[in-house]
Amino acid sequence: MNGTPNADTPATGSAAPAAPAAPIVSVVGPGEGETVLLGTTRMRILEDGGTTGHRLGIAESVIAPHTPGPPQHRHAGHDEGFYIVSGSVRFTVGDEQHDAVPGTLVVVPPGAPHTFANVRDEPAVMLSTFTPDPYVRYFRELRDLHAGSEAVTPEAQLRLMHRYATEPADAPAPGPS
């Protein structure tokens, strides 16, 4: 290196280490985010993992009145959390039912059978978390499956669930991998 080192370069001639990049803060305002339509449920993806190093995904769902949920299922690869913002959501966990009202948090660890539905006459709004985040991609693929030209078969849905380490609750519980 010719010349005099500047204040940012050590006198040894080696380059100064690069400063770490500042963390990116995500701010998603009302009406923003990616909308995913799943039948009578409108999901708004608020965090797809891109800001969190894929540790966390977050979505808001508006569930129309009298909307049945998915078949009871279990996840092997992620925790799922549900916070009820408005309305009421019925969670079925194994044989138990819980009617969750605003302010209720339901946390489902991997392996726990669960489903949910809106059995009431008014819409329900819930905030969902996925840790880690890959399940957000499941909802995008499910949207695309429903938007396709062919009817969605139970077999097609099962294949999609399986790709995201999700099985029907009546299937044997996954063992350690």
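Yes or no, residue by residue, for (1) in contact (Cβ under 8 Å) with a residue 24 or more places away in the chain; (2) touching a helix residue (DSSP H, G or I) at 6+ places or on another chain (Cβ under 9 Å); (3) assigned to a strand (DSSP E or B); (4) over 20 Å from Glu141 (Cβ atoms):
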| residue | (1), (2), (3), (4) |
| --- | --- |
| Pro23 | no, no, no, yes |
| Val27 | no, no, no, yes |
| Glu32 | no, no, no, yes |
| Val36 | yes, yes, yes, no |
| Met43 | yes, yes, yes, no |
| Thr51 | yes, no, no, yes |
| His54 | yes, no, no, no |
| Ser61 | yes, no, yes, no |
| Pro65 | yes, no, no, yes |
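Working only within segment 160-177, note down all residues that are modelled with pLDDT of 90 or more and not hydrophobic (A, V, I, L, M, F, W, C). Result: His162, Arg163, Tyr164, Thr166, Glu167, Pro168. Here Tyr83 meets each of (1) open to solvent by 50 Å² or more (accessible area, probe 1.4 Å); (2) at pLDDT below 95; (3) under 15 Å from the mean Cα position of the chain (by Cα); (4) not aliphatic (A, V, I, L, M) with one exception, condition (2). Any residue in segment 30-39 that is in contact with a Gly (Cβ under 7 Å, 6 or more places away or on another chain) and buried (at least 19 other Cβ atoms within 10 Å of the Cβ)? Within segment 30-39, not a single residue is in contact with a Gly (Cβ under 7 Å, 6 or more places away or on another chain) and buried (at least 19 other Cβ atoms within 10 Å of the Cβ). Among the residues of segment 123-166, those identified as part of a loop (DSSP other than H, G, I, E, B) and free of Cβ contacts under 8 Å to residues at least 40 places away in the same chain are Gly148, Ser149, Glu150, Ala151, Val152, Thr153. With respect to Ala112, determine if the residue is within 22 Å of Glu167 (Cβ to Cβ), open to solvent by less than 30 Å² (accessible area, probe 1.4 Å) and in contact with a Leu (Cβ under 9 Å, 6 or more places away or on another chain). Criteria not met by Ala112.
The values are calculated or read from the model by the stated rules, or taken from the named source; none is laboratory data. These numbers come from a predicted model, not from an experiment. For neighbour counting, all protein chains shown are included, and Cβ atoms are generated from backbone atoms with ideal geometry for every residue, glycine included. We work out accessible area using only protein heavy atoms, side chains counted, and drop any ligands, DNA or RNA first. Shrake-Rupley method; radii C 1.70, N 1.55, O 1.52, S 1.80 Å.
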